Amino acid sequence: MAILEVNNLGISFGGLRAVDNLNLTIEKNQLYGLIGPNGAGKTTAFNLLTGVYKPDNGSVVLDGVNITGKSPIEINKGGIARTFQNIRLFKEMSVLDNVKVGLHNQQKYDMFTGILRLPSYYKKEKAMNAKAMELLEVLGLADEANTLSSNLPYGKQRRLEIARALATNPKLLLLDEPAAGMNPNETQELMDMIRFVRDNFDMTILLIEHDMKLVAGICEELTVLNFGQVLTSGKTSEVLNDPKVITAYLGQ
């Protein structure tokens, strides 16, 4: 069964059709890419999937559950986490505390326990610290646990944003331009990390990306958007050699 089914999803802004009847079927554990030229509607599609925008039409089904029109918090708790093209970290918080923000999505305190700091509160906090450190260790950030996130190098900030997303225990991870601003060495490390996350976290990953080396290197299937509409979908090698894609996306 598909982990994500998107059927005829669409939205308009001021009469402009930003996304028009988008259809996606992503199987569990796939590495799937959503590509297209600037302004094609890719980030708008992510915003529809994560509840930032409510669609005018269509549906989004995650692991058999219809999540269409739900709030971002409900969708995150339901199993979708994301990163952003422009990194969004809590810059005045430590690396460790950034990851714990994601973990708090999985914890429940009653007001009485939280205010009075009862033993159960400290037990849960200790467990969260341990889980956060485990994620940081896996993603190569354990040595920076107490560093302010704003003081991390750019590539490690990207890793931290992914670690925080993983802390919410998602079924589907959306990566919006994860290689943006990275040098070739950082991009290769990112590719290795994305594969590692998929394989070791039992994760399904959907990414938006302009770096064709990364897309060709890790994505198993692609959907190409152009002017908000699906231009083509299929196996990565076939899509990247499609004359329509070469004309629309690569400008050749």
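T223 meets all of the listed conditions (1) open to solvent by 70 Å² or more (accessible area, probe 1.4 Å); (2) out of contact with any Lys or Arg (no Cβ under 9 Å at 6 or more places or on another chain) but one, namely (1).
Farther than 20 Å from I73 by Cα, more than 16 Å from the chain's Cα centre (by Cα) and at pLDDT 90 or above: does that describe E125? So E125 does not fit the description; no. Restricting attention to the stretch 199-220, which residues are closer than 22 Å to R88 by Cα and open to solvent by 10 Å² or more (accessible area, probe 1.4 Å)? Within the stretch 199-220, H210, D211 qualify. Selection of the stretch 61-71 for residues being outside any loop (DSSP other than H, G, I, E, B) and surrounded by 15 or more Cβ atoms within 10 Å (Cβ to Cβ) yields V61, L62. Scanning the stretch 31-46 for residues that are within 18 Å of G79 (Cβ to Cβ) and either in contact with an Asp or Glu (Cβ under 7 Å, 6 or more places away or on another chain) or surrounded by fewer than 18 Cβ atoms within 10 Å (Cβ to Cβ) (or both) yields L31, Y32, F46. Restricted to helices (runs of 4 or more DSSP H) entirely inside the stretch 147-252, those with at least 2 residues that are basic (K, R) are 154-167, 184-200.
Say we look at the stretch 72-104 and pick out the residues that are open to solvent by 40 Å² or more (accessible area, probe 1.4 Å) and polar (S, T, N, Q); which of these is nearest to L152 (Cα to Cα)? Within the stretch 72-104, the match that is nearest to L152 (Cα to Cα) is N86.
The set of residues from the stretch 132-174 being of a type in the set (V, I, T) and open to solvent by 50 Å² or more (accessible area, probe 1.4 Å) comprises just one member, V138. Evaluating L207 against the criteria (1) over 18 Å from I3 (Cβ atoms); (2) in contact with a Pro (Cβ under 7 Å, 6 or more places away or on another chain) leaves one unmet condition, (1). Say whether the condition of being modelled with pLDDT of 95 or more, surrounded by 13 or more Cβ atoms within 10 Å (Cβ to Cβ) and in contact with a helix residue (DSSP H, G or I) (Cβ under 6 Å, 6 or more places away or on another chain) is met by at least one residue in the stretch 106-119. No: zero hits. For the stretch 1-22, the set of residues classified as farther than 18 Å from K42 by Cβ and either small (G, A, S) or loosely packed, with under 14 Cβ neighbours inside 10 Å (or both) consists of M1, A2, G14, G15, listed by residue number. Find all pairs meeting these conditions: Cβ atoms under 7 angstrom apart; at least six residues apart or on different chains; first residue within the stretch 54-68 and on the phi > 0 side of the Ramachandran plot and in contact (Cβ under 8 Å) with a residue 24 or more places away in the chain; second residue open to solvent by less than 60 Å² (accessible area, probe 1.4 Å) and in a loop (DSSP other than H, G, I, E, B). If the second residue must be open to solvent by less than 60 Å² (accessible area, probe 1.4 Å) and in a loop (DSSP other than H, G, I, E, B), the pairs left are D63/G79. Of the numbered criteria (1) within 30 Å of A127 (Cβ to Cβ); (2) in contact with a helix residue (DSSP H, G or I) (Cβ under 6 Å, 6 or more places away or on another chain); (3) of a type outside the set (K, R), the one L31 fails is (1). In the stretch 42-93, how many are among the aliphatic types (A, V, I, L, M), out of contact with any helix residue (DSSP H, G or I) (no Cβ under 7 Å at 6 or more places or on another chain) and within 17 Å of T168 (Cα to Cα)? Of the residues in that region, 3 qualify. Could you list, in sequence order, the residues of the stretch 22-50 that are more than 18 Å from L62 (Cβ to Cβ) and either modelled with pLDDT of 95 or more or not in a strand (DSSP E or B) (or both)? Result: G33, G36, P37, N38, G39, A40, G41, K42, T43, T44. Here V239 passes the criteria (1) more than 12 Å from the chain's Cα centre (by Cα); (2) of a type outside the set (G, A, S); (3) modelled with pLDDT under 90 except the one numbered (3).
The values are calculated or read from the model by the stated rules, or taken from the named source; none is laboratory data. Computed from a predicted structure; not experimentally measured. Here Cβ is always computed from backbone atoms with ideal geometry, including for glycine, and neighbour counts include all displayed protein chains. Keep in mind that these areas ignore ligands, DNA and RNA; they rest on the heavy atoms of the full protein, side chains included. Shrake-Rupley method; radii C 1.70, N 1.55, O 1.52, S 1.80 Å.
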